[in-house]
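Structure first, then comments.
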Amino acid sequence: MQPSQIDADLTRAHFDYLATCGDRITDAGGLREGPDAPFCGSVWVIEADTLAEAQALADGDPYCKAGLRPDYRVLQWNRAPLPKTD
């Protein structure tokens, strides 16, 4: 489903949720195969201590509650120890 097909109030609630959880959901965005291609998914970077916490954050999203994300995967990501640049 494309953003233009989703109720504007639901989309607003989704982005409000991301903003409210900004200390835990540190990055989020839609995925496309190209600049003009339709959205085909999304990625969130979540700071959580447990898998259950990450799942609860995803499940709390208004898009998930509305059934727009019937399936998702939670994967662990290990940040690379890149040197800091100033």
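None of the figures in this text is laboratory data; all of them are computed from the coordinates on show. The structure displayed is predicted, hence computed values, not measured ones. Positions of Cβ are backbone-derived with ideal geometry, glycine not excepted, and every protein chain shown enters the neighbour counts.
Suppose R0 equals 22 Å. What FRET efficiency, 1/(1 + (r/R0)^6) with r the Cβ-Cβ distance, do Asp27 and Asp7 give to the nearest 0.05? Each step should come with its number before you reach the end.
Details: r = 25 Å, r/R0 = 1.13.
With a Förster radius of 22 Å, E is 0.35.
Over the Cα atoms of the chain, compute the convex hull volume and normalise it per residue, giving Å³.
Values: hull volume 12.4 nm³, N = 86.
Once divided by residue count, the hull of the chain is 144 Å³.
Tell me the angle of helix 51-60 to the major Cα principal axis of the chain, expressed in degrees between 0 and 90 and rounded to the nearest ten.
30
What is the dipole size for the chain, taken about its Cα centre, with +1 at each Lys and Arg Cβ and -1 at each Asp and Glu Cβ, in debye to the nearest 20? If you can, show how the numbers build up before the last one.
Details: 8 positive and 14 negative charges, 31 e Å.
Taking the Cα centre of the chain as origin, the dipole is about 160 debye.
At what distance in nm do the modelled label points of Arg69 and Gln55 sit from each other, each positioned 7 Å from its Cα along Cα→Cβ?
The two pseudo-label positions are separated by 1.5 nm.
What chymotrypsin sites (Phe, Trp or Tyr not before Pro) in region 5-86 are in a loop by DSSP, with at most 12 other Cβ atoms within 10 Å of the Cβ? List each step's numbers first, then the result.
Details: sites: Phe15, Tyr17, Phe39, Trp44, Tyr63, Tyr72, Trp77; in loops: Tyr72, Trp77.
When the chymotrypsin sites (Phe, Trp or Tyr not before Pro) of region 5-86 are filtered for loop state and at most 12 Cβ neighbours within 10 Å, Trp77 remain.
At most 15 other Cβ atoms within 10 Å and a DSSP loop assignment: could you name the GluC sites (Glu not before Pro) in region 6-86 that fit?
Working: sites: Glu33, Glu47, Glu53; in loops: Glu33, Glu47.
Sparse-neighbourhood loop GluC sites (Glu not before Pro): Glu33, Glu47.
Using helices alone, I'd like the mean residue ellipticity at 222 nm for the chain: each DSSP H run of four-plus residues gives -39500 (n - 2.57), total over residue count, nearest 500.
On the way: 3 runs with 27 residues, N = 86.
The helix contribution divided over the chain gives -9000 deg cm²/dmol.
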